[in-house]
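The values are calculated or read from the model by the stated rules, or taken from the named source; none is laboratory data. All of these numbers come straight from a predicted model, not from anything done at the bench. Cβ sites come from the backbone with ideal geometry, for glycine too, and all protein chains shown count toward neighbours. Each accessible area value is taken on the protein alone, full model and side chains, heavy atoms only, with ligands, DNA and RNA left out. Shrake-Rupley method; radii C 1.70, N 1.55, O 1.52, S 1.80 Å.
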Amino acid sequence: MSTKYVFVTGGVVSSLGKGIFASSLGLLLKSRGIKISMMKLDPYLNVDPGTMSPYQHGEVFVTADGAETDLDLGHYERWIDQNLTKECSITSGKVYMSVMDKERRGDYLGACIQVIPHVTDEIKNKIREAAKAAKADVLICEIGGTVGDIESLPFLEAIREMRLEEGMDSTFFVHNTLVPYLRAADETKTKPTQHSVKELQELGIQPDAIVLRSEVPLSESQIAKISLFCNVPKYGVFTALDEKVVYDLPLHLHEQGLDDYVAKRLNLVTNEANLSSWKTWVNSFKDREGAIEIALVGKYVELKDAYLSVKSALVHAGASLGKNIHISWIKSSLLTQENVDSYLGKAQGILVPGGFGERGSEGKKEAIRYARERKIPFLGICFGMQLALIEYAQHVIGWKEADSAEFDPHCEKPVIDLLRGQYDGIELGGTMRLGNYSCLLKEGSLARKLYGKEIVEERHRHRYEFNSRFRKEFEDAGMIFSGINPDSQLVEICELENHPFFLASQFHPEFTSRPLKPNPLFLGFVEAANAISLKNKVA
Ligand code: GLN
């Protein structure tokens, strides 16, 4: 069967939760036995978000095959419990780059290159490539941005053309909008939705379904009004209320008949939706009692999206223990040796996530030292592992001058050094050590116990590494290198004994955590934190 396409657009405002809607639809279709895949099309001109500041973009999500992608890919993977690939995330930048490459090669045989058809053809190629790579029955494609943005016009034109080429029963358009509630008038307003749909219609796209995000339940008459004015049957109008528990959304959309409608419209032969394991999990999620206090010490803590997968992985691990996770977001640049106790005194676990650059790194090292000395469970990720090793060199081995070449390329003891194959002046985009690499776990180590197997694969995104020439001195001083890449001998995990939990990884375990399958390192960390009661902490 050739792939069918569901195109998800958004209107009225951004941050509507389109990504969560698309993920919910993915989950529902998958639960009916349909082979799905998901894709995000971002209108910005960066080739990928890897070069963008977290302030601009939030987290960069890394796929197993090493693509630096939009954080929505993280939602998709977690909700549909499926790995996605580099084909699943494209940007205008990537599209234009391919067009320009072809133009320089002379592939267009002298034609004048235009947005229509050359750019739109390239977009359609990339959508079809993603469908082919995934061998999916249904590819759900979310168009980033809001209808009406200049940047997203070529994408909308491309999906309009796809309906023409693929046919009615192979394409489905679903538009997400906001129905604002005006407190003073005590009314919800459908006009912005009408305008937004009109804008889509002007571009030649008639939505098959509309999803209305709303704070309050909508009346039958409002649904009827939207149906009439937007030219969508009433059974194609869905509401997505602000959910107390976001994981309820797929269940509520299912109750409204969303997956039935999509399956019928696309002529899909499917089973009944089987949502039992999701339902059981959501119920247990709602029954969580008590909270585990985790301090997350990072550079961009005012922007929680910068650590979205880390936060999700903590929540998944907590939920599997029946506990909430309370995260204290601590700005690393504020931490000093003098005040660290006042910031971290309540933490049952301390997490130092990935990061770049020297700013705030001293504060992170203070947090790591505090965790190490006070025997508070500690999980370090990527930059967090690198700083844990520098801290250990400085305060346990006694190498005051130990540092990372990232901060001082000429430092005397580059405990953390540039990876082989990387050199100063390398192009920034897409050149780090990215994606899955395997890691051999040492017999008898904590890491081995947690994973319960000898070899694991996890995802990476870094330019620097532990400098193996110092390995012996570290081991003599008690550091255990419990995870090693078998091909390059690069250190992937380090841990300490005689500590409730002190473990750090060069890879990012947060990217593989799923609601029903928490990542083993997060689970171990959260379990250890749960076991720490505040009075047991060493003073
Ligand atoms: N800045 C460090 C490096 O490039 C760590 C990167 C990270 O934490 N993702 O190696």
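Points to keep in mind about this one:
- Here the condition is being of a type outside the set (S, T, N, Q) and modelled with pLDDT under 95; of MET52, MET39, it holds for MET52 alone.
- Among the residues of segment 488-517, those identified as assigned to a helix (DSSP H, G or I) and of a type outside the set (Ser, Thr, Tyr) are PRO509, GLU510, PHE511.
- Residues that are under 18 Å from GLU497 (Cα atoms) and either of a type in the set (S, T, N, Q) or away from the ligand (no atom under 16 Å from the Cβ) (or both) within segment 351-376 comprise ARG369, TYR370, ALA371, ARG372, GLU373, ARG374, LYS375, ILE376, listed in sequence order.
- Pairing each residue of segment 485-497 that is within 13 Å of PHE474 (Cβ to Cβ) with any residue that is among the aliphatic types (A, V, I, L, M) and assigned to a loop (DSSP other than H, G, I, E, B), provided the two are 6+ apart or on different chains, yields C-beta distances under 6 Å for CYS494/MET479.
- Within segment 39-147, helices (runs of 4 or more DSSP H) holding 2 or more residues that are under 29 Å from LYS264 (Cβ atoms) and either basic (Lys, Arg) or in contact with an Asp or Glu (Cβ under 9 Å, 6 or more places away or on another chain) (or both): 72-80, 120-134
- Among residues of segment 69-97, those that are touching a Leu at 6+ places or on another chain (Cβ under 8 Å), aliphatic (A, V, I, L, M), within 19 Å of PHE155 (Cβ to Cβ) and buried (at least 24 other Cβ atoms within 10 Å of the Cβ), counted: 3
- Test for LEU379: is it near the ligand (Cβ under 10 Å from one of its atoms), open to solvent by less than 30 Å² (accessible area, probe 1.4 Å) and either assigned to a strand (DSSP E or B) or not small (Gly, Ala, Ser) (or both): no
- Of all residues making up segment 435-487, the number that are part of a strand (DSSP E or B) and under 29 Å from HIS395 (Cβ atoms): 15
- Test: residue in segment 248-264 that is at pLDDT 95 or above and over 30 Å from TYR181 (Cβ atoms): yes
- Only one entry in VAL216, VAL237, VAL211 is aliphatic (A, V, I, L, M) and open to solvent by 30 Å² or more (accessible area, probe 1.4 Å), namely VAL216.
- Residue count for segment 187-208, restricted to those that are among the aliphatic types (A, V, I, L, M) and open to solvent by 50 Å² or more (accessible area, probe 1.4 Å): 1
Rundown of residues vs (1) under 21 Å from PHE407 (Cα atoms); (2) open to solvent by 20 Å² or more (accessible area, probe 1.4 Å), yes/no style:
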| residue | (1), (2) |
| --- | --- |
| LEU303 | no, yes |
| ASN324 | no, yes |
| LEU335 | yes, no |
| ALA347 | no, no |
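- Of all residues in segment 255-289, those that are free of Cβ contacts under 8 Å to residues at least 24 places away in the same chain and exposed (fewer than 15 other Cβ atoms within 10 Å of the Cβ) total 7.
- The set of residues in segment 457-475 being away from the ligand (no atom under 16 Å from the Cβ), open to solvent by less than 70 Å² (accessible area, probe 1.4 Å) and touching a residue at least 24 places away in the same chain (Cβ under 8 Å) consists of PHE470, PHE474.
For every residue, the table says whether it meets (1) closer than 22 Å to LEU251 by Cβ; (2) crowded, with 21+ Cβ neighbours inside 10 Å; (3) of a type in the set (Asp, Glu).
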site: GLY26; (1), (2), (3): yes, yes, no
site: GLY33; (1), (2), (3): yes, no, no
site: MET39; (1), (2), (3): no, yes, no
site: GLY50; (1), (2), (3): no, no, no
site: VAL60; (1), (2), (3): no, yes, no
site: ALA67; (1), (2), (3): no, yes, no
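- Considering segment 388-415, the residues that are in a strand (DSSP E or B) and within 15 Å of GLU362 (Cβ to Cβ) include one that is nearest to the ligand (Cβ to nearest atom), namely SER404.
- Among residues that are surrounded by 24 or more Cβ atoms within 10 Å (Cβ to Cβ) and within 16 Å of the ligand (Cβ to nearest atom), GLY318 is not included.
- Breaking point among (1) modelled with pLDDT of 95 or more; (2) surrounded by 16 or more Cβ atoms within 10 Å (Cβ to Cβ), for ASN125: (2)
- Among the residues making up segment 128-184, those that are at pLDDT 95 or above and of a type in the set (Phe, Trp, Tyr) are PHE155, PHE172, PHE173.
- The one condition in (1) open to solvent by 20 Å² or more (accessible area, probe 1.4 Å); (2) under 19 Å from GLY19 (Cα atoms); (3) hydrophobic (A, V, I, L, M, F, W, C) that ALA184 fails to fulfil: (2)
- Members of segment 12-28 that are of a type in the set (Ser, Thr, Tyr) and part of a helix (DSSP H, G or I): SER23, SER24
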